[in-house]
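The values are calculated or read from the model by the stated rules, or taken from the named source; none is laboratory data. Keep in mind that what you see is a predicted model, and the values were worked out from it rather than measured. Because the Cβ atoms are built from the backbone with ideal geometry, glycine has one as well, and the counts that use them run over all protein chains shown. Keep in mind that these areas ignore ligands, DNA and RNA; they rest on the heavy atoms of the full protein, side chains included. Shrake-Rupley method; radii C 1.70, N 1.55, O 1.52, S 1.80 Å.
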Amino acid sequence: MKHISKDDIVTIPEGVTVDIKSRQITVTGPRGTLKRDLRHIQMDIQRPSKTEIRVIVWQGGRKHVACIRTVCSHIRNLITGVTKGFEYKMRFVYAHFPISANIDNKGSETIVEIRNFLGEKVVRKVLMHPGVDVIQSTNVKDELVLTGNDIDSVSQSAASIQQITRVRNKDIRKFLDGVYVSSKDTIVKDN
């Protein structure tokens, strides 16, 4: 069944400016600027007022109407990124061989090197996405903290670290070693 019109509204907080031009969204806030290209999704993105964005789908089926919530979530994540930022914490899990990590900053690139995973001599290297900062936690043992404004970059960098320490050719119920995401939060905490 086709719906004639479906819409959803995203509110814009104080101190954030949102520019929309042909479904290309630019959000500017106190932490920086983020851009998102949504030209592949057929829908109207309007500004009924300075503090609202309205996402409308005309003559949409079930799958097309489901894209409204996706686009609104993308816009909300951009707004959260430029106001609060995103922080992912990852913990090293090992039974016997202690995993060690080394963070290598080469100019604009950041590389995380993981050593002694399951006692192997091979050094695993993961290139972080642009805009993602990685530090080893000082107060918690065996913890990496990934921070950045873009949720896609931060979460993909965390996923790349987790995937490179996958256990292969062994029983994964017994060998639980790896680097796993332990918490997801914003850099600026809510009161």
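Annotations for the structure displayed:
- Checking each residue in the range 112-151 for being open to solvent by 50 Å² or more (accessible area, probe 1.4 Å) and of a type in the set (Lys, Arg) picks out ARG115, LYS121, LYS125, LYS141.
- Taking every residue in the range 20-35 that is in contact (Cβ under 8 Å) with a residue 12 or more places away in the chain and more than 15 Å from CYS72 (Cα to Cα) and pairing it with any residue that is open to solvent by 80 Å² or more (accessible area, probe 1.4 Å) and not basic (Lys, Arg), at least 6 positions away or on another chain, the pairs with Cβ-Cβ distances below 8 Å are THR28/ASP19.
- Close Cβ contacts (under 7 Å, 6 or more residues apart or on different chains) running from residues in the range 129-142 that are among the aromatic types (Phe, Trp, Tyr) to residues that are modelled with pLDDT of 95 or more are absent.
- Considering the conditions (1) in a loop (DSSP other than H, G, I, E, B); (2) touching a strand residue (DSSP E or B) at 6+ places or on another chain (Cβ under 9 Å); (3) farther than 15 Å from GLY81 by Cα, HIS40 is excluded by exactly one of them, (2).
- Any chance ILE103 is among the aliphatic types (A, V, I, L, M) and within 30 Å of PHE117 (Cβ to Cβ): yes
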